[in-house]
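Notes follow the structure.
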Amino acid sequence: MQTSKEIEVQKQYIEKVKDINKGKKLKYFILTMGCQLNENDSEKLCGLVEQMGYEKTKQYEDADLVLFNTCCVRENAEDKLFGKLGELKRVKETRGTIIAIGGCMMQEKHITDKIKESYSYTDIIFGTHTLHKFPEDLYKTLRDKNKLQDVIDIDGEVYEGLPIKRTSSIKASVTIMYGCNNFCSYCIVPYVRGRERSRHPKDILNEVEQLAKEGYKEITLLGQNVNSYLKSEQWQDKKIDYKGINSFATLLRAINEIDGIERIRFVSPHPKDFTDDVIDAIADCKKVCKLIHLPLQSGSTKTLNTMNRKYTKEQYLNLVDKMKKRINNLTLTTDIIVGFAGETEEDFMDTLDVVRKVGYEQVYMFIYSKRVGTPGEKMENQVPDEVKHERFNRLKELVEKSIAENNKKYIGTTQKVLVEGPSKNSPDLLTGRTESNKVVIFKGDLSSLKGKLIDLKIVSEHMWYLKGDIMKVY
Ligand code: SAH
Ligand code: SF4
Ligand code: F3S
């Protein structure tokens, strides 16, 4: 079936569920466990569910529908899901709440088997390729009162035109591509998200233009490997060139022209595909934040090779040098895995070396977690847990030291900040982020400043945030 027809069918199911739910004042609870792509999927689920007559609640005890959007990139996610499912049993018994679990983990057979066996009160299991069919799944569950599993292994299509309920009214995520072709040997994502599929530039531009009209100021473009946007097989014979957009670099340039949008971010690029045209676009486009998240994973060429990352330590460092030369005031952040199979003390020292040389603004650190079905799982020379933890702590120490050092550089500088709202921890203050994505808190009037760009003079620094005084409102 054509994707647009399929969406029409789902819209009819939305109406059917809405009819069943009429006048019932039903509530839903949603828990999102994964990355920004997963969050963006949850926003689509919220859009669907709210159109079907459910209102959001923050307590699962009050909910008539509970949705879990799962992640399986590391093992701790599994413990978390099963813990939460255990807690839901009582709610299910007393309230008859419908329990629906979706997302990446549902693409793993050993997990869905376990749910069916040990948590058989779960009503709906749906995967990453069938999210758009949630109205149909929910309708059939309500009608038949049966358990339902809707997971497919083949790559899903790209569906446009689903309703969406965004969490912020200032910042919005826009998925530009689905799936991943890279098969890094530690990673489960390509198995649970399928091959790369890029959205048509027309659909992306329409979405961003619509967001600008609604008053959104910041756009984050999402994909597992944004630099391979439009390189996916799906477009190979069609040679896309829509209003000059035929690559990630040209997409950035086109979005930069959209009135109303003030900031553009993107995650994640892969160092092996970071071409010069993208570096030039970042340098040239005023609205593209001069912050690049450049996942390193390991600083050792040998480990990078076992990880199937397709770049060496030197190539990574050269790329960073090139970026720093071409882009003024560039900040860099990264992801690092410690303790991958075969990692020796010497390999780990290479990772520390790169961290010292690059001077990251932020480092997201992970202890290697074996994933079922990946090449890493079968590698023999696994690093013992205590060595992994010991290395993790050493890396953490170095990172925290360099972040503290780096924070000092902000003192006395003027930073452009997008005002987001009241600060969570001190509600009488406002919060926002710098272009380098650092949290800043400051005194100011919420109603006149929310969503505005302001200049702040930084007066003090703390480990995870800065404090500032307002200098100018744009
Ligand atoms: N596509 C993105 C990242 C997706 S997953 C990229 O390539 O950068 C986010 C991060 O989780 C990865 O960058 C990696 O650092 C970490 N990660 C992925 N698989 C992991 C595993 N098996 N164990 C520990 N960390 C992992
Ligand atoms: Fe996983 Fe590598 Fe793909 Fe990122 S690029 S999602 S780490 S396989
Ligand atoms: Fe994201 Fe986790 Fe899936 S990191 S793509 S939600 S496995």
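Since every read-out is calculated from the coordinates, none of them should be taken as a lab result. Model, not experiment: these values are computed from the prediction. Backbone-built Cβ (ideal geometry, glycine too); neighbour counts: all protein chains shown.
Label positions at Asn256 and Asp445, each projected 7 Å from the Cα along the C-beta direction, are separated by 3.6 nm.
How would you classify region 301-455 from its alpha-carbon gyration tensor, with a ≥ b ≥ c the square roots of the eigenvalues: rounded for a/c under 1.5, else prolate if a/b is greater than b/c, otherwise oblate? It is prolate, given that a/c is not under 1.5 and a/b is the larger ratio.
Evaluated with a Cβ-only charge set (Lys, Arg +1; Asp, Glu -1), region 168-289 carries a dipole of roughly 280 debye about its Cα centre, given to the nearest 20. Where in region 5-30 is the amide nitrogen less than 15 Å from a point lying 7 Å along the Cα-to-Cβ axis of Glu160? So the set is 5-8. Taken about its Cα centre, the chain carries a charge dipole of about 980 debye when Lys and Arg each add +1 at the Cβ and Asp and Glu each add -1 at the Cβ. Oblate is the label for region 141-211. Its Cα gyration tensor axes, ordered a ≥ b ≥ c, give a/c of at least 1.5 and b/c at or above a/b. Determine the percent antiparallel among the DSSP beta bridges restricted to the chain, to the nearest 5. DSSP beta bridges in the chain are roughly 35 percent antiparallel. One chain, two ends: Lys409 and Lys302. Fully extended at 0.36 nm per residue, the span grows by 35.1 nm beyond their Cα-Cα distance.
The length gained by stretching the chain between Lys116 and Gln210 to full extension, at 0.36 nm per residue less their Cα-Cα distance, is 29.7 nm. On a per residue basis, the convex hull of the C-alpha atoms belonging to region 414-473 measures out at 70 Å³. Return the whole-Å distance between the Cα centroid of region 1-51 and the Cα centroid of region 233-297. Value for the Cα centre distance between the two parts: 30 Å.
When the Cα positions of Ile264, Thr220, Phe248 are compared along the charge dipole of region 168-289, Thr220 comes out farthest toward the positive end, with charges on each C-beta of Lys, Arg, Asp and Glu.
Estimated from helical segments only, the mean residue ellipticity of the chain at 222 nm is -11500 deg cm²/dmol, where each DSSP H run of four or more residues counts as -39500 (n - 2.57).
Work out the charge dipole of the chain with +1 on the Cβ of Lys and Arg and -1 on the Cβ of Asp and Glu about the Cα centre, then indicate which of Leu291, Asn21, Val473 is farthest towards its positive end. Value: Val473.
With contacts taken as Cα pairs under 8 Å at a separation of at least 6 residues, region 414-473 carries a relative contact order of 33 percent. DSSP assigns beta bridges within region 414-473; of those with both partners inside it, close to 85 percent run antiparallel. Across the chain, counting alpha-carbon atoms alone, Rg and Dmax equal 23.0, 65 Å. Placing unit charges on the Cβ atoms of the charged side chains and taking the dipole of the chain about its Cα centre, the candidate lying farthest along the positive direction among Ile458, Thr97, Gly373 is Ile458.
Calculate, for Arg90 and Lys424, the FRET efficiency according to 1/(1 + (r/R0)^6) with r their C-beta to C-beta distance and R0 22 Å; round to the nearest 0.05. For Arg90 and Lys424, the calculated efficiency is 0.15.
Summarising the label geometry, the points placed 7 Å from Cα in the beta-carbon direction at Asp353 and Lys325 lie 2.1 nm from one another. Under Stokes-Einstein, with the Kirkwood radius over Cα pairs as Rh, the value for region 3-150 at 25 °C and 0.890 mPa s is 160 µm²/s.
In the distance distribution for region 88-208, Cα-Cα pairs more than 16 Å apart total 69 percent.
A crude spin-label estimate for the pair Gln236 and Met379, with each label 7 Å from Cα along the Cβ direction, gives 2.9 nm. Segment Lys272..Lys243, full-extension length gain: 7.7 nm, with 0.36 nm per residue of separation and the alpha-carbon distance subtracted.
Taking amide H atoms as placed 1.01 Å from N in the peptide plane, the amide H of Tyr364 lies under 5 Å from those of Thr334, Asp335, Ile336, each 5 or more residues away in sequence or on another chain.
Relative to the Cα centre, the charge distribution of region 105-215, modelled as +1 at Lys and Arg Cβ and -1 at Asp and Glu Cβ, gives a dipole magnitude of about 220 debye. Straight-distance candidates among the aspartates and glutamates for linking to Lys310, with alpha-carbon spacing under 13 Å and chain neighbours fewer than 8 residues away dropped: Asp273. Using C-alpha pairs below 8 Å separated by at least 6 residues, the relative contact order for region 220-288 is 45 percent.
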